[in-house]
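Single-structure report; data block below.
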Amino acid sequence: MAGFDFPAKNLRPQKSSRRDCSAFKAHETRFSVVLVRTGSFFLLRPVKPKKPEHEYYLQMLQKDTDKPFEFKGQKHYDALGDVVTNYIYDLMVKDFDLDTFNLPLKEDLPEDYDGALAKCFMSKDAYTADKLMLIVQGSGSVRAGQWARSLCINQTLYHGTTLPYMHRARERGYAMIINNPNVNYYVDDKGKMQKIPHSDSPEAQLVYLWRKVVSKCAAKDIVIVAHSYGGVATMHLVADPSTEVDVRDRVRAIAFTDSVHSRMWGFVKMSKKAKRFWGDIARNWSLSS
């Protein structure tokens, strides 16, 4: 992706005081208020930002001891993960002025549907912008705006979220759409697991997102950044007959970070044109150490 450099994942947060970042007070207030509701006591410590996106060098510490997060069981970890997820949602709306929308769209749901929906995010000018970036997360517990929940909790939001990418995308004039590929099921009133229509897998959701949202965007220059299993979902997007032609016409670059799509290469059928397109514009960046 010409002119788009990616933040290194192997950087480590530096020690600093609370006075090092003017944005600290806002971050501390927003995060602490949410955490207090769960009965936990953590804060975020920023380092002095050398670049604007370094504002997200925010590390989770125990409020009383100033020590890093300590694992106290999966239930506690998951509850904290939910808090982190909601905080990142808050940052994407407040810091990037993104709108939220739910998948599936209301028009594609039964009138009596009362199940879960996947909360996604988009720039206010996503439908009219000349350039668009589509960010696709990996699999597991991560939600919109996260690369890895464990990095958010154990290192910093700079390492674990899509926020630095989003900051650079905005600087370069890209509108953004961030999907939420792992919201696929919900538990109904009878305690049974039910699939979310059009979103029962990351692959299905991404294809649906393109057909219902991205296809209506005016951008002729679209770039995709996909992490881990997001590469597999992107492979299905390129291969699907309902999206292939539009993807080939408008996507200018696909950047993978530690993608696992190569493991699925023989299981996803692509047309010859799709394979040639894939080879020409897709690149995978993998952490070497």
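The values are calculated or read from the model by the stated rules, or taken from the named source; none is laboratory data. No experiment lies behind these values; they were computed from the predicted model shown. Counting neighbours? That spans all protein chains shown, and the Cβs are built from the backbone with ideal geometry, glycine included. Protein only, heavy atoms only, side chains kept; ligands, DNA and RNA dropped before computing areas. Shrake-Rupley method; radii C 1.70, N 1.55, O 1.52, S 1.80 Å.
Evaluate segment 111-119: report whether one residue or more is part of a loop (DSSP other than H, G, I, E, B) and either modelled with pLDDT of 95 or more or among the hydrophobic types (A, V, I, L, M, F, W, C) (or both). Looking through segment 111-119, at least one residue is part of a loop (DSSP other than H, G, I, E, B) and either modelled with pLDDT of 95 or more or among the hydrophobic types (A, V, I, L, M, F, W, C) (or both). Taken over segment 149-191, the criterion of being hydrophobic (A, V, I, L, M, F, W, C) and out of contact with any strand residue (DSSP E or B) (no Cβ under 7 Å at 6 or more places or on another chain) is satisfied by LEU151, LEU163. Test LYS119 against the criterion of being farther than 30 Å from ASP188 by Cβ and touching a strand residue (DSSP E or B) at 6+ places or on another chain (Cβ under 8 Å), and give yes or no. No; evaluated as a whole, the condition is false for this residue.
Counting the residues of segment 135-174 that are of a type in the set (Lys, Arg), crowded, with 18+ Cβ neighbours inside 10 Å and part of a loop (DSSP other than H, G, I, E, B) gives 1. What do you reckon, is LYS216 farther than 24 Å from PRO110 by Cβ and open to solvent by 40 Å² or more (accessible area, probe 1.4 Å)? Against the criterion (farther than 24 Å from PRO110 by Cβ and open to solvent by 40 Å² or more (accessible area, probe 1.4 Å)), LYS216 does not qualify.
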